[in-house]
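Structure first, then comments.
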Amino acid sequence: MSTPVIGVLALQGDVREHLTALAAADAVARPVRRPEELAEVDGLVLPGGESTTISKLAVLFGVMEPLRARVRGGMPVYGTCAGMIMLADKILDPRSGQETIGGIDMIVRRNAFGRQNESFEAAVDVRGVTGDPVEGVFIRAPWVESVGAGAEVLAEHEGHIVAVRQGNALATSFHPELTGDHRVHALFVDMVRANRTPESL
Amino acid sequence: MSTTDNQAPETGTARVKRGMAEQLKGGVIMDVVTPEQAKIAEDAGAVAVMALERVPADIRKDGGVARMSDPDMIEGIIEAVSIPVMAKSRIGHFVEAQVLQSLGVDYIDESEVLTPADEVNHSDKWSFTTPFVCGATNLGEALRRIAEGAAMIRSKGEAGTGNVVEAVRHLRQIKNEIARLRGFDNHELYAAAKELRAPYELVKEVAELGKLPVVLFSAGGVATPADAALMRQLGAEGVFVGSGIFKSGDPAKRAAAIVKATTFYDDPKIVADASRNLGEAMVGINCDTLPETERYANRGW
């Protein structure tokens, strides 16, 4: 079986760290900024960054609709922090005109853990990731207020939902790409592999 | 749940501070002086705003001592937008930095644009929870700031001139010095550290990584979409735009255009489209006619 090709939406944010993490998890990783680049990948990571900026650029450069279509079509997708916000069906307090891709039946609160002074690191147990807890790096991080019936909660921190999966869509409030621990990316690469070859499940 | 979940969450770690800057990459940070300007910047797609009382071009024009901005003004901007808000302290004025931290700004810029408070020492940035960005004209200066705890570096350029020549000079200098280190063997790195007046451990780290251990933006003179794309192609991971936006004829349009050109810096067609019909750019100053005392880049040690 050939190696899965996974894109990282490269409009803005910590793209390089995700490319490195995906490569370490045995995927072919490449940046995606245009619709034609999106068409060539088996899965996509929505990186950390500023969700308002990424959303605006996605609309402006015509990738928002193709993104929605591919996510609806079942392309595996993983969002961290701003990427989690992009995957939410609903944002609690959107900026005017802020659009999301959607894909996970959840309501997300932006910057829920506070401003940069309150950004923190904490160990997080993530369902589906074996071994030690994941080092959670939370930077002006969102949390998930509530999820619908179809979404599975994978992790909580102090009573707040910080990791969710619904079908082929995965989202975390924190940034595994900043830690050098690639287990969450490996989990996502497995999701992409499984999606490419359903018979191997 | 494992026992590690009981460990208290840790704030202000190097990873959280440097990681914050990683989230800003590929973006534009804009100087703003009012909540209204902050909203224009946010709507244009800025990744953060720098809250200050006067943009550098006006600081130049007005003269006198430039200090930290009024807390009311900074809080007004924090209230107005959801993107991160940065603010400037004077070099070595750690009390201004303490005040900015207490206001909840997301990043402190220990900036040469303000009048230095200490001509020998910069602030000890490790002692803060809030991360710092500092300016640098060369690699040694960048590494000294990182040694003091800076979590992000910006090449200085010459703020308030609308002239990109110094920004290019400083970014090229930093990149060239990094490339030079890559070619050194272990024996040579000790002498390089001495020459750079920077800690050996950091010099070694840069030689191995081929880049700074923190995010590197460009600042000081970016006035057009093509300027922003130039700095990105030269290796800046993002750009600060100070006077260039709100000293221009149509700030909202120019701000959005600079954001586009920063993302698609390597696509001349998009940079061309972004450059169309922007109205008047800021007038600009020729840096070679600036007297030494008015060169902000010389401040910092």
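Tabulated data
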{"item": "Members of the range A:115-168 found to be open to solvent by less than 40 Å² (accessible area, probe 1.4 Å) and among the basic types (K, R), listed by number", "result": "A:R140"}
{"item": "The range B:6-59: number of residues that are touching a Lys or Arg at 6+ places or on another chain (Cβ under 6 Å) and at the interface with chain A (Cβ under 9 Å from one of its Cβ atoms)", "result": "1"}
{"item": "Answer residue from the range B:261-301, given it is of a type in the set (D, E, K, R) and touching a residue at least 40 places away in the same chain (Cβ under 8 Å) and is surrounded by the most Cβ atoms within 10 Å (Cβ to Cβ) among those", "result": "B:R299"}
{"item": "Pairs where the first residue, in the range A:105-126, is more than 11 Å from every other protein chain (Cβ to nearest Cβ) and the second is in a loop (DSSP other than H, G, I, E, B) and acidic (D, E), C-beta under 8 Å, 6+ apart", "result": "A:R109/A:D93"}
{"item": "Qualifying residue in the range A:101-117 (condition: among the polar types (S, T, N, Q) and part of a strand (DSSP E or B))", "result": "no"}
{"item": "Qualifying positions in the range B:75-131 - within 14 Å of another protein chain (Cβ to nearest Cβ), among the aromatic types (F, W, Y) and open to solvent by 10 Å² or more (accessible area, probe 1.4 Å)", "result": "B:F128"}
{"item": "Which numbered condition A:P94 misses (of (1) at pLDDT 95 or above; (2) over 19 Å from B:G26 (Cβ atoms))", "result": "(1)"}
{"item": "Test: residue in the range A:74-95 that is in a helix (DSSP H, G or I), free of Cβ contacts under 8 Å to residues at least 24 places away in the same chain and surrounded by fewer than 21 Cβ atoms within 10 Å (Cβ to Cβ)", "result": "no"}
{"item": "Subset of the range B:41-54 (residues that are open to solvent by 10 Å² or more (accessible area, probe 1.4 Å) and not in a helix (DSSP H, G or I))", "result": "B:E53, B:R54"}
{"item": "So B:S248, is it polar (S, T, N, Q) and under 19 Å from the mean Cα position of the chain (by Cα)", "result": "no"}
{"item": "Unmet requirement for A:E50, which otherwise passes all of (1) within 23 Å of B:K39 (Cβ to Cβ); (2) surrounded by fewer than 17 Cβ atoms within 10 Å (Cβ to Cβ)", "result": "(2)"}
{"item": "Extreme residue, farthest from A:V63 (Cα to Cα), among residues of the range A:5-43 that are more than 10 Å from chain B (Cβ to nearest Cβ), part of a helix (DSSP H, G or I) and open to solvent by less than 30 Å² (accessible area, probe 1.4 Å)", "result": "A:A21"}
{"item": "Filter result for A:V134 (among the β-branched types (V, I, T), over 16 Å from A:L46 (Cβ atoms) and within 12 Å of chain B (Cβ to nearest Cβ))", "result": "yes"}
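Yes/no per residue for (1) crowded, with 23+ Cβ neighbours inside 10 Å; (2) among the β-branched types (V, I, T); (3) at negative phi; (4) modelled with pLDDT under 95:
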residue: B:S218; (1), (2), (3), (4): yes, no, yes, no
residue: B:G235; (1), (2), (3), (4): no, no, no, no
residue: B:V239; (1), (2), (3), (4): yes, yes, yes, no
residue: B:A255; (1), (2), (3), (4): yes, no, yes, no
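This table checks each residue for (1) in contact (Cβ under 8 Å) with a residue 12 or more places away in the chain; (2) farther than 18 Å from B:E148 by Cβ; (3) not in a helix (DSSP H, G or I).
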{"position": "B:A167", "(1), (2), (3)": "yes, yes, no"}
{"position": "B:L171", "(1), (2), (3)": "yes, yes, no"}
{"position": "B:K175", "(1), (2), (3)": "yes, yes, no"}
{"position": "B:L181", "(1), (2), (3)": "yes, yes, no"}
{"position": "B:F184", "(1), (2), (3)": "yes, yes, yes"}
{"position": "B:L189", "(1), (2), (3)": "yes, yes, no"}
{"position": "B:K194", "(1), (2), (3)": "no, yes, no"}
{"position": "B:V203", "(1), (2), (3)": "yes, no, no"}
{"position": "B:A207", "(1), (2), (3)": "yes, yes, no"}
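The values are calculated or read from the model by the stated rules, or taken from the named source; none is laboratory data. These figures come from a predicted structure and were not determined experimentally. Virtual Cβ from ideal backbone geometry, glycine too; neighbours counted across all protein chains shown. The area values use the complete protein model at the heavy-atom level, side chains included, leaving out ligands, DNA and RNA. Shrake-Rupley method; radii C 1.70, N 1.55, O 1.52, S 1.80 Å.
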